[in-house]
1. Under a 1.4 Å probe, what is the accessible area of chain A per residue, stated in Å²?
2. Just the number, please: carbon plus sulfur as a percent of the accessible area of chain A, 1.4 Å probe, no ligands or DNA/RNA counted.
3. Per residue of the range A:372-385, in order, report the coupling 6.51 cos²θ - 1.76 cosθ + 1.60 (Karplus, θ = phi - 60°) as ³J(HN,Hα) in whole Hz, putting x for Gly and Pro.
4. Please determine, in degrees from 0 to 90 and to the nearest 10, the orientation of helix B:36-46 with respect to the longest principal axis defined by the Cα atoms of chain B, where the helix direction is its Cα long axis.
5. Which residues belonging to the range A:85-106 lose at least 40 Å² of 1.4 Å-probe accessible area when the assembly is complete, relative to their chain isolated?
6. What's the average, rounded to a whole number, of partner chain beta-carbon atoms within 10 Å of each residue's beta-carbon in A:219-232?
7. Expressed as an acute angle from 0 to 90° and rounded to the nearest 10, what is the orientation of the C-alpha long axis of helix A:31-49 relative to the principal long axis of chain A?
8. Using the Kirkwood radius over C-alpha pairs as Rh, can you work out the diffusion coefficient of the protein assembly as shown via Stokes-Einstein at 20 °C, viscosity 1.002 mPa s, in µm² per second?
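The values are calculated or read from the model by the stated rules, or taken from the named source; none is laboratory data. This is a predicted model, so every value here is computed, not measured. Using ideal geometry, Cβ is built from the backbone for each residue, glycine included, and neighbour counts are taken over all protein chains shown. All accessible areas refer to the heavy atoms of the entire protein, side chains included, with ligands and DNA or RNA removed. Shrake-Rupley method; radii C 1.70, N 1.55, O 1.52, S 1.80 Å.
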Amino acid sequence: MNAALLIDSSYFLAAFLFIYGLKRMSSPLTARSGIVVAGWGMVLAVLASFLYTLDVNEAAKPHLNTNIALALIALAFGLGWAWRSGKKVAMTEMPQMVALYNGMGGGAAAAIAAIELIGYKTHGTVSLSLAVLGGLIGAIALSGSLIAWAKLDGRINGTLRFSALQLVNGSLLLVLLSIGAYIIWHGGSVAWPVFAVFFALALIYGVMMTMPIGGADMPVVISLYNAFTGLAVGFEGYVLNNPALMIAGMVVGSAGSLLTLLMAKAMNRSVANVLFSNFGATSDEAEGEIAGSQKPIDAGDAGINMRYASKVIIAPGYGLAVAQAQHKLFELVKLLQEADVEVKFAIHPVAGRMPGHMNVLLAEAGVPYDIIYDMEDINDEFKDADVVIVIGANDTVNPAARTNKSSPIYGMPVLNVDMAKQVYVVKRGQGKGYSGVENALFYADNTQMVYGDAQKVMVSMIQAIKSLGGGH
Amino acid sequence: MDYTTTILTGFVALYIFMLAAFTGFEIIGRVPAILHTPLMSGSNFIHGIVVVGALWALLNASSLPEQIIGFLGVLLGAGNAAGGYVVTERMLQMFKPSTKTPKE
């Protein structure tokens, strides 16, 4: 039996299953089966890879048994750890987990490049260039994703910023590209310390590039690194003459790039702006004072008013998930629906920590996806709503983004909640949002504040509505 | 049977890259925002295929440094693939329509 034929046909089938799986993942109805289809592609490709053992390099033959043992151990540990951590992680922590797994992929691509380079196995300018470039991008994705993970996980709180930072980073990138060019120019035959310095600097660059970026922008960065890893994998696929890596890597590279652009657009920022401008560092003085005061209301009263409304729109934010109030919220929604109140959810594209993250969190609580609306589909409906309730959201509902040119978030599309007849804002205290911007909505005439932990507020609202009795 | 692996080089490789890039672009371009997070996670899983490349590199390693780096590569790649799969599957499992079936 011809092993090469078997390997190649397995990869062909795997590439097909990946694309077909991704396609199915792009609709809510078939998404679940999509990931399963792609999963089978992965199993097939990994199993087929063990056929490599039948035909390894002359130099590697004496080490074959050791290498197989190492491969099995590495597979078992990597798989076992990731499987367990993936099963355990809470839905709110999903973004940092995706960042972590993505960084690992980037690291694997960099490792392939490192082996090819230190073993002097790559020949030809194109192969060598792609090996170097893939290694560079992969290493940046690895250390950058780790920083993104640490930041979202609350392990790193500060942001590293100094005035010359962009200059330092620019020089660092220039040095990296020069070393890369040097390696390519010498056909890859340079002493190993050059490679070591190259990869070490690439890792440092990933850290330096990510450190100045604030938590609110992290989703865009994760998505960007996801695209980076895809590209790195595609390039290393060329070096290894492996079409499965080339296709899967490039599909993810382009899909990830588009997703990054979509996310940045939803925040009304360019990707360059996210990467190179120190968002969140702006001072408060630029904003000016907001007139008016915050008017508190009792949770129970707010609940009863919602019960007698005919249309209620809910604008949830990450604070909802932090308070673990999704389930109680859905209970409240069901009560309102029984009282013939029309209830809809309005989701800002960057609600949660990633686009679509809020949808995942609501889905976890059992909220059906057909009462959940994207911003552009529901923004015209706020003026017809009797009550809008904002839970744990802040910047995404700030009308200053439409009106106040001096606001740091000016121009960002926001939910037009302030146009509703009555707005309730459920909020822990009088603090500012994730980006540190003061919110004009809280001071508006038609806004009342419900202070407290979101979950407790939901419970009070539910109790107040239930105490009215079942009369319709 | 007489079969040898085709070396994908030059324009053949370029064609593969181009078509794959368009495929990724087309698939994501039509996705509703509610699926962006699972899809990012799903594409994250798919580049876990890098584990296959790392396996090849490790199996062909002929020195200690290569074995160490290869080991790390397979470890990381396996983590990417398995972790990506588990979290994506968990997320997608939760998406359910309401009692009445939605009309798309």
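1. Accessible area per residue, chain A: 39 Å².
2. Ligands and nucleic acids excluded, carbon and sulfur reach 62 percent.
3. 9, 10, 6, 3, 5, 7, 10, 4, 7, 8, 4, 5, 8, 7
4. 20
5. A:Lys87, A:Met91, A:Met94, A:Val98, A:Tyr101, A:Met104
6. If you average over the peptide's residues, the count of other-chain Cβ atoms is 3.
7. Roughly 20 degrees between the two axes.
8. Estimated diffusion coefficient is 86 µm²/s.
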